[in-house]
Every structure is written in structure tokens, then in C-alpha cells.
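The values are calculated or read from the model by the stated rules, or taken from the named source; none is laboratory data. This structure is a prediction, so every number in the text was calculated from the model and none was measured. So basically every Cβ, Gly included, is an ideal-geometry build from the backbone, and we count neighbours across all protein chains shown.
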């Protein structure tokens, strides 16, 4: 499993670099699952983009599982409806 940096910029650049590898980036698929819940919304996007670019069944499974289980709006709470 690949260990991503604590620096959000390094995580972002790692995802962008791996996205250029296509199916060869499959080695990082399991490591990307936590990045789909990254505190940085752009990194969440890049992780999803990378999984889409990899396109293997494992990558699609992680992406779909995360998307189907996520809330429609992560900042909506009972105290902040809008």
C-alpha cells in the first residue's frame, strides 16, 4: 500500500502524476480510498479522477462504493441546512 504524505500538495501532485499512468497506476488503487475522504476538496476530486483514469474493476469498485455512500453535500448538517 502506498503511503501518501501529510502535505495536501504532495497528495495532489501524487494523484496527478499517477493519473498520467493510466492502468499502470493500479498499484495505488487501495491507497486512494482514504484520499476520497481527504480534508481538501480538490484532493478528493483528484483521487476520483485518478480512479476513473485507472479504470480497472478494482478502481471502479472503490470509486462507486465511495460515491454511492457519500452524502449529497458534505457541509450540510442539522445546524447548517443551507
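Taking the criterion of being within 10 Å of the chain's Cα centre (by Cα) and closer than 17 Å to residue 13 by Cβ, the residues of the range 24-33 that qualify are 31, 32.
Residues are listed down the side, and each one gets a yes or a no for (1) within 15 Å of residue 13 (Cα to Cα); (2) part of a loop (DSSP other than H, G, I, E, B); (3) at pLDDT 85 or above:
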residue	(1), (2), (3)
39	no, yes, no
44	yes, no, yes
50	yes, no, yes
61	no, no, yes
65	no, no, yes
72	no, yes, no
75	no, yes, no
80	no, yes, no
